[in-house]
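Colleague: The following block contains the structure, expressed as structure tokens.
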Amino acid sequence: MMQVTPNPIRSICIVGGGTAGWMAAALLSNIHQGTETKITLVESPDIATIGVGEATVPSFMAFLSSAKINPKEFIEATAGTFKLGIRFDDWYQKGHNFLHPFGKIGRSLDGHDFYQLWLKTLAQSNNGYSGDVTRLMDHSPSAIMAEQQRFMVEAQLKNTPLETYGYALHLDAVLAARYLRELSIAKGVVRVEATVNAVQLDARGFIDSITLTNDERISADFFIDCSGFKGLLIEENLHVGYEDWSEYLPCNRAVAVQTENIHEPAPFTIATARAAGWTWKIPLQHRTGNGYVFASDYCSDDEATQTLLNAVEGRLVNEPRIIPFVTGKRKKIWHNNCLALGLASGFLEPLESTAIHLVYRTLVHFIRNYPERDFSAALEQECNAQIDQDYMEVRDFIILHYCTSQRDDTAFWRWCQNMPVPDTLRDKINRFRLRGQLERNSENLFGVDSWLSILEGMHIRPQGYHPLVDALDGEKLARSLMQGKQAIYDTVMRLPAHGDFIQQHCASKK
């Protein structure tokens, strides 16, 4: 006979605030509404949010929904803008750019993937077909919306050629943490402003309690480590170890600075390849976030800072600051009664804006495998395996941008020409080169359309397409694609400009 949970977790202590800590507090306080579980967050008054990147991916909208957060209120509170994707400048070669849009590219037909249909139209254009041929991005609603800098919320785009688009947000990380803090406290989370002075373990090696600088002692059934790169709980006390991925991703430092806006905010992030890495540009309503992620073997801090300052537009809002990091992840992100989140769990450079996504996904996996106080090793093992898969997926997708570049104008990019590539990524590229097929996995952040965007942007195309597509009439197919392209464009041009939409519906109150 099934029994009521005999030994439920009744107390959770989150060590560290910032975006990760308050995301955990917001989500868990919502889930535990109506239970006796107490959630406490210990936040040091001396540590500011790192804020390396202030861009998200579409899963962030799922987080807002899960935490029962009104997106309009959140955007107003965080000076947010909409993000339809990322534009990559100078990655394939200097002077070349391409988009990685969110959402779907094209529509399947008679069971055939759209990409296979598009490949057939390319092949027949090389064999005497006289009609026009579309770009792959012509069939991405988000790409055309981004190019034309137009926007509209999804409720208004149902049953239109744009209904398969996708979007995320650019946000001010400090304002986001503040909003989530106020929300969490209103839901019963107890905030303690102090610094952890000591950590006490029990005989099993589990965390029993923490002692704060104000001499307060906090005991809890479960602890969440959001203490930043040092990993106060997960590493300094539980010693889980770190898996270093620098051999694949040599960038190990960033310099960041904020500037005043001089243009209307664009609905996309810009990532520009530079001599020893890449710079980001993230437009918010009240300012722009800028940074340079670089490899110290190829560039000094002073050189990186000067490169960034030469690239930014607008007056500086703050002084540039250097942020060192080691790419990789903890060998165990959940160990005993401790879960690591954010920078405490690992770091992958923000090229595809995945930091906040990995916080949310880690929480999703933890909630799926939520323990009782007997802390089943099987649940911990399963959760870690799922998190590891997420990290490796993101790692391989980021490496894809480097290993497929044709740049050889600096020592850094020449290294990328022959860089080590994980077998998982090498096998995927090799399979794609045959006839453009990629494995579909609904659990992955980066679906087939994301991979196609980068591969096409890097001018990598397969040798052929699936032979069964030849059952379709080629000329009719080409005309159909042209009609689809035109329908998307015409609908996009009826949408309001991105900046106008924000001013009318969710202008910042800050």
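Colleague: Under 25 Å between alpha carbons, and skipping anything fewer than 8 positions from LYS38 in its own chain: which lysines qualify?
Modeller: LYS68, LYS187
Colleague: Apply 1/(1 + (r/R0)^6) to the Cβ-Cβ distance of GLU443 and ASP374, taking R0 = 41 Å, and write down the FRET efficiency to the nearest 0.05.
Modeller: Working from the Cβ atoms, E equals 0.90.
Colleague: More than 23 Å apart: what percent of Cα pairs in the range 428-510 qualify?
Modeller: Percent of Cα pairs beyond 23 Å in the range 428-510: 53.
Colleague: Restrict the search to the range 352-395; then list the GluC sites (Glu not before Pro) that DSSP places in a loop and that have at most 13 other Cβ atoms within 10 Å of their Cβ.
Modeller: When the GluC sites (Glu not before Pro) of the range 352-395 are filtered for loop state and at most 13 Cβ neighbours within 10 Å, GLU372 remain.
Colleague: Right, here's the next one. Filter LYS94/LYS428; LYS83/LYS158; LYS104/LYS230 down to the pairs with a C-alpha to C-alpha distance above 29 Å, please.
Modeller: Check vs 29 Å cut-off fails for LYS104/LYS230.
Colleague: Based on alpha-carbon centroids, what's the gap between the range 390-426 and the range 472-499 in Å, whole number please?
Modeller: Using only Cα atoms to place each centre, the spacing works out to 33 Å.
Colleague: Only sites in a loop by DSSP and with at most 16 other Cβ atoms within 10 Å count here; which GluC sites (Glu not before Pro) in the range 206-250 make the cut?
Modeller: Hits after loop and neighbour filter: GLU216, GLU236, GLU247.
Colleague: Another question, then. Can I get the semi-axes of the chain's equivalent ellipsoid? Compute them from the C-alpha gyration tensor as square roots of 5 times the eigenvalues, in angstrom, largest first.
Modeller: 40, 25, 24
Colleague: I've got another one for you. Enumerate the amide H contacts of LEU339 below 5 Å, restricted to partners 5 or more residues apart or on another chain; note that Pro and chain-start residues carry no placed amide H.
Modeller: It is PHE223, ILE224, ASP225, by chain and number.
No value in this document is a laboratory result; all are computed from the given coordinates. The structure displayed is predicted, hence computed values, not measured ones. Using ideal geometry, Cβ is built from the backbone for each residue, glycine included, and neighbour counts are taken over all protein chains shown.
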